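Enquirer: The following block contains the structure, expressed as C-alpha coordinates.
The values are calculated or read from the model by the stated rules, or taken from the named source; none is laboratory data. Quick caveat, the model's predicted, so the values are computed rather than measured. For neighbour counting, all protein chains shown are included, and Cβ atoms are generated from backbone atoms with ideal geometry for every residue, glycine included. The accessibility values were calculated without ligands, DNA or RNA, using every heavy atom of the protein model including side chains. Shrake-Rupley method; radii C 1.70, N 1.55, O 1.52, S 1.80 Å.
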Amino acid sequence: LTKGEKITFTDYVQNRLFIGGGGFISSGLIGAPVFMTKNALNFITPPVWYRVFFTGDTTEQVTNMCVSEDGNHLFISTFSGSTTYHSIYRISGFNLARDSMTLSYGKPSSSGIVNLNPNCLLDVAKVYSTNSYITSITLDPQNTDVLIMTIGGNNLEPHIYASTNATTDTLLDFNSNSKEGTGLPSGKTPIYTALVEMNNSNLVFVGTEKGIYATENFSSSN
(Lines give C-alpha, C1' and ligand atoms only; values in the text may rest on other atoms or scores of the structure.)
Protein backbone atom coordinates (compact mmCIF):
# COMPACT_ATOMS: atom_id res chain seq x y z
CA LEU A 1 0.00 0.00 0.00
CA THR A 2 1.10 3.55 -0.63
CA LYS A 3 0.77 6.20 2.03
CA GLY A 4 -2.88 7.13 2.60
CA GLU A 5 -4.18 4.13 0.67
CA LYS A 6 -6.47 1.65 2.47
CA ILE A 7 -8.30 -1.62 1.90
CA THR A 8 -11.20 -3.24 3.76
CA PHE A 9 -11.17 -6.95 4.55
CA THR A 10 -12.95 -9.44 6.82
CA ASP A 11 -11.02 -10.70 9.84
CA TYR A 12 -11.86 -14.37 10.15
CA VAL A 13 -9.71 -14.86 13.25
CA GLN A 14 -11.83 -14.60 16.39
CA ASN A 15 -11.40 -15.61 20.00
CA ARG A 16 -13.79 -16.92 22.63
CA LEU A 17 -12.84 -16.97 26.28
CA PHE A 18 -14.95 -18.96 28.77
CA ILE A 19 -14.93 -18.83 32.56
CA GLY A 20 -16.94 -21.00 34.94
CA GLY A 21 -17.83 -20.80 38.61
CA GLY A 22 -20.55 -21.85 40.99
CA GLY A 23 -21.15 -23.51 44.32
CA PHE A 24 -22.62 -20.34 45.81
CA ILE A 25 -25.50 -17.87 45.55
CA SER A 26 -24.44 -14.32 44.72
CA SER A 27 -26.30 -11.80 42.57
CA GLY A 28 -28.06 -14.58 40.70
CA LEU A 29 -24.87 -16.49 39.83
CA ILE A 30 -26.38 -19.80 40.88
CA GLY A 31 -25.72 -23.29 39.60
CA ALA A 32 -22.40 -23.60 37.73
CA PRO A 33 -22.56 -20.36 35.71
CA VAL A 34 -20.47 -20.14 32.53
CA PHE A 35 -19.67 -16.80 30.92
CA MET A 36 -18.19 -16.12 27.49
CA THR A 37 -16.64 -13.07 25.86
CA LYS A 38 -15.59 -12.58 22.25
CA ASN A 39 -13.22 -9.67 22.79
CA ALA A 40 -10.87 -10.76 25.54
CA LEU A 41 -7.89 -9.79 23.37
CA ASN A 42 -9.16 -6.26 22.86
CA PHE A 43 -7.23 -4.25 25.43
CA ILE A 44 -8.84 -0.92 24.52
CA THR A 45 -12.37 -1.50 25.82
CA PRO A 46 -13.73 -3.70 28.65
CA PRO A 47 -15.03 -7.06 27.39
CA VAL A 48 -18.74 -7.82 27.09
CA TRP A 49 -19.64 -11.05 28.88
CA TYR A 50 -22.57 -13.35 28.05
CA ARG A 51 -23.96 -15.94 30.49
CA VAL A 52 -24.20 -18.99 28.25
CA PHE A 53 -25.11 -21.60 30.89
CA PHE A 54 -26.22 -22.20 34.48
CA THR A 55 -28.26 -24.75 36.45
CA GLY A 56 -30.73 -24.51 39.29
CA ASP A 57 -28.51 -26.49 41.70
CA THR A 58 -26.95 -23.85 43.93
CA THR A 59 -24.25 -26.30 45.08
CA GLU A 60 -23.13 -27.18 41.54
CA GLN A 61 -19.82 -25.76 40.32
CA VAL A 62 -17.77 -25.96 37.14
CA THR A 63 -14.64 -28.10 37.50
CA ASN A 64 -13.30 -28.41 33.92
CA MET A 65 -13.95 -26.97 30.45
CA CYS A 66 -12.80 -27.72 26.91
CA VAL A 67 -13.78 -26.32 23.51
CA SER A 68 -13.96 -28.07 20.14
CA GLU A 69 -11.45 -27.09 17.47
CA ASP A 70 -14.12 -25.28 15.43
CA GLY A 71 -15.34 -23.36 18.49
CA ASN A 72 -18.91 -24.63 18.11
CA HIS A 73 -19.05 -26.94 21.15
CA LEU A 74 -18.17 -26.29 24.78
CA PHE A 75 -17.96 -29.20 27.22
CA ILE A 76 -17.98 -28.60 30.96
CA SER A 77 -17.75 -30.94 33.91
CA THR A 78 -19.41 -30.03 37.19
CA PHE A 79 -19.65 -31.25 40.75
CA SER A 80 -22.80 -30.98 42.86
CA GLY A 81 -22.34 -30.80 46.60
CA SER A 82 -25.97 -31.79 47.19
CA THR A 83 -26.03 -34.92 44.99
CA THR A 84 -22.23 -35.64 45.16
CA TYR A 85 -22.40 -36.46 41.44
CA HIS A 86 -20.07 -35.23 38.71
CA SER A 87 -21.73 -34.37 35.40
CA ILE A 88 -20.70 -33.38 31.88
CA TYR A 89 -22.72 -30.86 29.88
CA ARG A 90 -22.44 -30.14 26.17
CA ILE A 91 -23.23 -26.59 24.99
CA SER A 92 -23.44 -26.32 21.20
CA GLY A 93 -24.26 -23.64 18.66
CA PHE A 94 -21.63 -20.95 19.24
CA ASN A 95 -21.07 -20.64 15.49
CA LEU A 96 -24.68 -19.42 15.16
CA ALA A 97 -25.20 -17.51 18.41
CA ARG A 98 -23.54 -14.12 17.98
CA ASP A 99 -25.15 -11.48 20.21
CA SER A 100 -26.74 -10.89 23.60
CA MET A 101 -30.13 -12.12 22.40
CA THR A 102 -28.91 -15.43 21.00
CA LEU A 103 -26.06 -16.14 23.46
CA SER A 104 -27.81 -15.44 26.77
CA TYR A 105 -29.01 -18.76 28.23
CA GLY A 106 -31.57 -17.10 30.49
CA LYS A 107 -32.04 -15.64 33.94
CA PRO A 108 -32.08 -17.51 37.25
CA SER A 109 -34.55 -16.69 39.99
CA SER A 110 -33.48 -16.34 43.61
CA SER A 111 -35.16 -19.70 44.34
CA GLY A 112 -33.01 -21.52 41.79
CA ILE A 113 -35.53 -21.77 38.95
CA VAL A 114 -33.99 -21.64 35.48
CA ASN A 115 -35.88 -19.15 33.31
CA LEU A 116 -34.71 -19.96 29.79
CA ASN A 117 -34.27 -17.34 27.10
CA PRO A 118 -36.53 -18.37 24.16
CA ASN A 119 -34.25 -16.54 21.71
CA CYS A 120 -31.09 -18.38 22.75
CA LEU A 121 -29.60 -20.42 19.90
CA LEU A 122 -27.42 -22.57 22.16
CA ASP A 123 -28.32 -26.23 22.60
CA VAL A 124 -27.55 -27.56 26.10
CA ALA A 125 -27.61 -31.20 27.18
CA LYS A 126 -26.36 -33.16 30.19
CA VAL A 127 -24.55 -35.99 28.44
CA TYR A 128 -22.95 -37.89 31.32
CA SER A 129 -23.13 -38.28 35.09
CA THR A 130 -21.07 -40.34 37.54
CA ASN A 131 -20.26 -40.60 41.23
CA SER A 132 -16.55 -40.86 40.37
CA TYR A 133 -14.38 -37.75 40.54
CA ILE A 134 -13.86 -36.25 37.06
CA THR A 135 -10.38 -34.70 37.14
CA SER A 136 -10.24 -33.49 33.52
CA ILE A 137 -11.94 -33.52 30.13
CA THR A 138 -10.22 -32.88 26.81
CA LEU A 139 -11.10 -33.18 23.13
CA ASP A 140 -9.17 -34.73 20.27
CA PRO A 141 -8.30 -31.78 17.97
CA GLN A 142 -8.70 -34.08 14.95
CA ASN A 143 -12.06 -35.56 15.98
CA THR A 144 -14.58 -33.64 18.09
CA ASP A 145 -16.52 -36.83 18.84
CA VAL A 146 -13.59 -38.11 20.92
CA LEU A 147 -13.88 -36.62 24.40
CA ILE A 148 -11.38 -37.98 26.93
CA MET A 149 -12.33 -38.11 30.60
CA THR A 150 -9.88 -38.82 33.42
CA ILE A 151 -10.87 -40.02 36.88
CA GLY A 152 -9.33 -39.50 40.31
CA GLY A 153 -9.70 -41.47 43.50
CA ASN A 154 -7.98 -44.59 44.83
CA ASN A 155 -10.55 -47.08 43.53
CA LEU A 156 -10.20 -50.11 41.27
CA GLU A 157 -12.12 -48.75 38.28
CA PRO A 158 -10.39 -47.59 35.07
CA HIS A 159 -9.22 -44.00 35.37
CA ILE A 160 -9.40 -42.92 31.72
CA TYR A 161 -12.20 -43.17 29.15
CA ALA A 162 -12.78 -41.87 25.62
CA SER A 163 -16.15 -41.30 23.97
CA THR A 164 -16.85 -41.88 20.29
CA ASN A 165 -20.02 -39.75 20.15
CA ALA A 166 -19.28 -36.50 21.99
CA THR A 167 -21.13 -34.19 19.58
CA THR A 168 -23.71 -36.59 18.13
CA ASP A 169 -25.59 -38.44 20.89
CA THR A 170 -27.55 -37.55 24.00
CA LEU A 171 -25.50 -39.90 26.23
CA LEU A 172 -21.73 -40.32 25.96
CA ASP A 173 -20.51 -43.91 25.59
CA PHE A 174 -17.73 -43.67 28.20
CA ASN A 175 -18.73 -46.82 30.06
CA SER A 176 -18.00 -49.05 27.08
CA ASN A 177 -14.75 -47.29 26.14
CA SER A 178 -12.22 -47.68 28.92
CA LYS A 179 -8.70 -46.71 27.83
CA GLU A 180 -6.77 -47.98 30.85
CA GLY A 181 -4.86 -50.50 28.72
CA THR A 182 -1.49 -51.83 29.87
CA GLY A 183 1.59 -50.06 31.15
CA LEU A 184 -0.06 -47.61 33.53
CA PRO A 185 0.41 -47.91 37.32
CA SER A 186 -1.99 -50.10 39.28
CA GLY A 187 -5.72 -49.60 38.83
CA LYS A 188 -5.87 -47.56 42.03
CA THR A 189 -3.69 -44.75 40.67
CA PRO A 190 -5.58 -41.50 39.88
CA ILE A 191 -5.14 -39.82 36.50
CA TYR A 192 -5.35 -36.05 36.69
CA THR A 193 -5.13 -34.88 33.10
CA ALA A 194 -4.82 -36.01 29.47
CA LEU A 195 -3.53 -34.40 26.30
CA VAL A 196 -3.95 -35.49 22.66
CA GLU A 197 -1.10 -34.52 20.35
CA MET A 198 -2.50 -31.94 17.92
CA ASN A 199 -1.58 -33.83 14.72
CA ASN A 200 -1.72 -37.44 15.91
CA SER A 201 -4.87 -38.82 17.56
CA ASN A 202 -3.02 -41.99 18.58
CA LEU A 203 -0.45 -40.11 20.65
CA VAL A 204 -1.90 -39.28 24.06
CA PHE A 205 -0.16 -38.16 27.26
CA VAL A 206 -1.60 -38.56 30.77
CA GLY A 207 -0.48 -37.10 34.06
CA THR A 208 -0.84 -39.51 36.97
CA GLU A 209 0.04 -39.53 40.63
CA LYS A 210 3.13 -41.57 39.69
CA GLY A 211 4.43 -39.66 36.70
CA ILE A 212 3.62 -38.82 33.06
CA TYR A 213 2.79 -41.65 30.66
CA ALA A 214 2.30 -41.77 26.89
CA THR A 215 0.75 -44.16 24.39
CA GLU A 216 1.11 -44.33 20.61
CA ASN A 217 -1.97 -46.47 19.96
CA PHE A 218 -4.72 -44.69 21.88
CA SER A 219 -7.44 -45.57 19.35
CA SER A 220 -6.74 -49.31 19.74
CA SER A 221 -9.48 -51.28 21.49
CA ASN A 222 -6.69 -53.26 23.18
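Enquirer: Taking the Cα centre of the chain as origin, sum charge times position over the Cβ atoms of Lys and Arg (+1) and Asp and Glu (-1), and report the length of that vector in debye to the nearest 20.
Expert: Dipole of the chain, to the nearest 20 debye: 620 debye.
Enquirer: Which order do you get for SER82, SER220 if you rank them by accessible area with a 1.4 Å probe, largest at the top?
Expert: Putting SER82, SER220 in descending order of accessible area: SER82, SER220.
Enquirer: Rounded to a whole number, what % of the accessible area of the chain do carbon and sulfur atoms account for, probe 1.4 Å?
Expert: Answer for the chain is 53 percent, counting heavy atoms of protein chains only.
Enquirer: How big is the equivalent ellipsoid of region 95-220 along its three axes, where each semi-axis is √(5λ) from the Cα gyration tensor, reported in whole Å from largest to smallest?
Expert: Values: eigenvalues 215, 66, 30 Å².
Gyration-tensor ellipsoid for region 95-220: 33, 18, 12 Å.
Enquirer: Counting only Cα, what are the radius of gyration and maximum Cα-Cα distance Dmax of region 1-103, in Å?
Expert: 17.4, 66
Enquirer: If you don't mind, another one. I'd like the accessible area for LYS126: 1.4 Å probe, protein heavy atoms, all chains in place, Å² to the nearest 10.
Expert: 110
Enquirer: Follow-up. Over all distinct alpha-carbon pairs, what is the Kirkwood Rh of the chain in angstrom?
Expert: One over the average 1/r among Cα pairs gives 18.9 Å for the chain.
Enquirer: What length, rounded to one decimal in nm, is gained on full extension from LEU96 through to ASN154, with 0.36 nm per residue of separation minus their alpha-carbon distance?
Expert: Roughly 16.6 nm would be gained on extension.
Enquirer: When only the heavy atoms of the protein chains count and the probe is 1.4 Å, how do ARG16, ARG90 rank by accessible area, highest first?
Expert: ARG16, ARG90
Enquirer: Roughly how many Å² is the accessible area per residue of the chain, as a whole number, for a 1.4 Å probe?
Expert: Numbers: 12140 Å² over 222 residues.
Roughly 55 Å² per residue, with all protein chains present.
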